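The structure appears right after this line, and notes come after that.
The values are calculated or read from the model by the stated rules, or taken from the named source; none is laboratory data. Fair warning: this is a prediction, and the values are worked out from it, not measured in the lab. Cβ coordinates were reconstructed from backbone atoms using ideal geometry, including for glycine residues, and neighbour counts include every protein chain displayed. In case anyone asks, the SASA skips ligands and DNA or RNA and just uses the protein heavy atoms, side chains included. Shrake-Rupley method; radii C 1.70, N 1.55, O 1.52, S 1.80 Å.
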Amino acid sequence: MTNALVPSAGWTVSHWFYRIDRARWCALTDGARTAAIAEARSWLATALGEEGLQIVPLGLVGKGDLGVMAVHPDLRRHQQLGQEIAATALGACLTPVYSFLSISEASEYMSSEADWARTLIDDQKADPTSSEFATSMASFRKRMAAYSESRLHPVLPDSFAIVCFYPMAKARRDQHNWYTLPFEERKKLMQGHGEAGRRYAGRVTQLITTATGIEDWEWGVTLFANDLKAIRDVVYEMRFDPGSAIYGEFGSFYVGVRFAPDDLQSALRL
């Protein structure tokens with residue numbers, strides 16, 4: 001058996017976006033189209049039920065027709081997924097629009113135990129020798145461990161119908177080069193950025209994945225919501241944060257609506 005290609009930290013994440021070649025699709029016989037739809041539904045249902053694989057099928061709005069997001073530890077499984085899609089009769093009528101490969105990560109800018117201890121002592125005037133201080137520190141460690149786990153090994157939400165994906169990077173301009181800033185300054189900027197995002201908890205769930213050395217962009221951002229305006233609002237608000245206003249660079253945005261295997265034909269108008 002071929003060895004799995006699992007990152008030493010995090011899981012592999014892929015995004016695939018396609019446009020349907022309608023002329024080629026319509027050139028098929030009615031029977032061939034019916035069989036192709038049944039094949040695609042069966043493949044999608046099987047993929048959705050596969051242990052260890054998380055997959056999100058999307059009907060795209062604007063920049064394509066079909067989108068597929070996948071999370072699986074093994075890079076080989078992602079390579080196979082792309083070929084499985086292409087090997088179907090529907091896949092033969094798909095033209096790739098864009099793809100993005102990345103890895104889930106826990107941010108290096110997460111608050112540390114030292115950060116929380118300073119907050120307790122400086123802001124809350126806590127006694128570092130007290131039992132309350134020890135309890136608060138233990139709670140912080142537990143909370144950060146859970147947060148790190150959720151980032152490294154994400155469980156994609158299934159209660160949100162709208163998915164928005166975009167790639168981004170940090171600027172390297174002469175006067176505004178993110179990578180020449182001291183770590184503590186970068187951390188402070190990212191913490192302010194995170195505070196803006198937390199105001200949308202419950203309305204928008206995000207997954208940030210790293211792609212440096214893998215793609216042309218450095219990160220991929222996937223937003224899940226039921227309200228398109230909530231996605232618009234959180235991205236707009238973050239644009240005013242210095243971490244984005246000065247140092248953020250963004251690629252194209254792709255928006256799609258999730259669908260179930262049985263809804264494939266109606267979602268894609270096949």
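Regarding region 254-270, can at least one residue be identified that is open to solvent by 60 Å² or more (accessible area, probe 1.4 Å), assigned to a loop (DSSP other than H, G, I, E, B) and either in contact (Cβ under 8 Å) with a residue 60 or more places away in the chain or hydrophobic (A, V, I, L, M, F, W, C) (or both)? No.
Of all residue pairs spaced 6 or more apart or on separate chains, those with beta-carbon atoms under 6 Å, a first member in region 8-26 that is under 25 Å from residue 164 (Cβ atoms) and a second member that is at pLDDT below 95 and open to solvent by 10 Å² or more (accessible area, probe 1.4 Å) are 10/105; 10/152.
Whether any residue in region 124-145 is under 27 Å from residue 214 (Cβ atoms) and of a type outside the set (Val, Ile, Thr) is what I want to check.
Going residue by residue through region 124-145, those that are under 27 Å from residue 214 (Cβ atoms) are 144-145.
If we keep only those that are of a type outside the set (Val, Ile, Thr) as well, we get 144-145.
The answer is yes, given that some residue of region 124-145 is under 27 Å from residue 214 (Cβ atoms) and of a type outside the set (Val, Ile, Thr).
If you filter region 192-229 down to residues that are farther than 21 Å from residue 69 by Cα and of a type in the set (A, V, I, L, M, F, W, C), you find that the one that is nearest to the chain's Cα centre (by Cα) is 201. Every condition in (1) closer than 29 Å to residue 226 by Cα; (2) open to solvent by 50 Å² or more (accessible area, probe 1.4 Å); (3) among the hydrophobic types (A, V, I, L, M, F, W, C) holds for residue 6 except the one numbered (1). Within region 43-75, the set of residues being small (Gly, Ala, Ser), out of contact with any helix residue (DSSP H, G or I) (no Cβ under 7 Å at 6 or more places or on another chain) and touching a residue at least 60 places away in the same chain (Cβ under 8 Å) comprises 62, 64, 67.
Tell me which residues, restricted to region 245-270, are within 16 Å of residue 19 (Cα to Cα) and in contact with a helix residue (DSSP H, G or I) (Cβ under 8 Å, 6 or more places away or on another chain). Matches in region 245-270: 255, 257, 264, 265, 270.
Out of curiosity, is residue 56 among the aliphatic types (A, V, I, L, M), within 15 Å of residue 20 (Cβ to Cβ) and in contact with a strand residue (DSSP E or B) (Cβ under 9 Å, 6 or more places away or on another chain)? Criteria not met by residue 56.
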